[in-house]
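Read the figures in this text as sums done on the coordinates, not as results from a lab. It should be emphasised that the depicted structure is a prediction, and the values quoted were computed from it without experimental measurement. When we count neighbours, we look across all protein chains shown, and the Cβ atoms used for this are built from the backbone with ideal geometry, even at glycine.
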Amino acid sequence: MTEILDHENNELVPVAPAPPPVTLFRSEQPDEIITTVAETANALSTVIDKQRLSVSIQGRKHVLVEGWTLLGTMLGVFPVCVWTRKLENGWEARVEARTRDGAVVGAAEAECLRSERSWAARDDYALRSMAQTRATSKALRQPLGFVMTMAGFSATPAEEMVNEPPPVEAKATRKPRAKKVQEDVPPAEDLASAGQVRNMFRLIDKLDKSDVIPRETLLEAIGKEYGTESPVQLTKAEANDLITRLKVKAGEE
């Protein structure tokens, strides 16, 4: 209970605090909520596309964790890591989505394991960080996924998608390199940045949609050429080389 000073009587008068909002959209009226959701989705879509905070995978746009935390900030929902736990072959984390007054509106647990092909030889801190990242996106997805969908994006976070191995159906067009063994996988700090990953998938999708090279054929060729399961396993130097070559094919160079 808050007290304010009554200047006429020079006394402290108790004042009941304002009740907390019933919804994240500061309204109980369906029409007002829908309007707010639409405005939020439109503003979010503009920023995500401009800043390239999504990755196109199999024709759908999956938003990176930065896009999810942006949406949370816009609506007053913030991810809080409750704990991380070391597993026998990786890390697990729990993140809660909370409002500013501490109310929990979503929660999720996620793992990052060495049994995943692109994480087999990474350092512990990298697996721990990715477990937190995945849990963050999943926790925010629970209360806010429908807003992301209205913005034109998939409700499945990008971090849960980019490490899936591409389908292999067509023959590669380049001479294959030897496959990297686990000991040859570069440390996390040498791997392609998030910006490079977004650019690679952007160019891959552009070539596919332009009917220059089918996406599956190109992904397989990249894997054979660089000896990786997915472009996210490339080093920064390899990613830069690939981006340059893709830009030439896409007519951007």
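What list do you get for Met200, Met130 if you sort them by fewest beta carbons within 10 Å?
Arranged by neighbour count, lowest to highest, Met200, Met130 become Met200, Met130.
Using the Karplus equation 6.51 cos²θ - 1.76 cosθ + 1.60 (θ = phi - 60°), what ³J(HN,Hα) coupling, rounded to whole Hz, does each residue of segment 100-116 give in order, writing x for Gly and Pro?
Each residue of segment 100-116 in turn: 5, 8, x, 5, 8, 10, x, 7, 7, 10, 9, 10, 9, 10, 6, 6, 6 Hz.
Using label points projected 7 Å from each Cα along Cα→Cβ, tell me how many nm separate Ala250 and Glu109, to one decimal.
Distance between label points: 4.0 nm.
Taking other Cβ within 10 Å of each residue's Cβ, how do Arg94, Arg122, Arg100, Arg245 sort, fewest first?
In increasing order of surrounding Cβ atoms, one gets Arg100, Arg245, Arg94, Arg122.
Whose amide H sits under 5 Å from the amide H of Gly106, counting only residues 5 or more places off or on another chain, with H placed in the peptide plane?
Ala97
For segment 83-145, which GluC sites (Glu not before Pro) are both in a DSSP coil and crowded by at most 16 other Cβ atoms within 10 Å?
Filter output for segment 83-145: Glu88.
I need the phi-derived Karplus couplings for segment 148-153: 6.51 cos²θ - 1.76 cosθ + 1.60, θ = phi - 60°, integer Hz, Gly and Pro marked x.
Calculated HN-Hα couplings, in order: 4, 5, 5, 7, x, 10 Hz.
Apply the Karplus curve 6.51 cos²θ - 1.76 cosθ + 1.60, θ = phi - 60°, to the phi angles in segment 64-77 and return the couplings in whole Hz, x for Gly and Pro.
Working through the residues one at a time gives 6, 4, 4, x, 5, 5, 4, 4, x, 4, 4, 10, x, 10 Hz.
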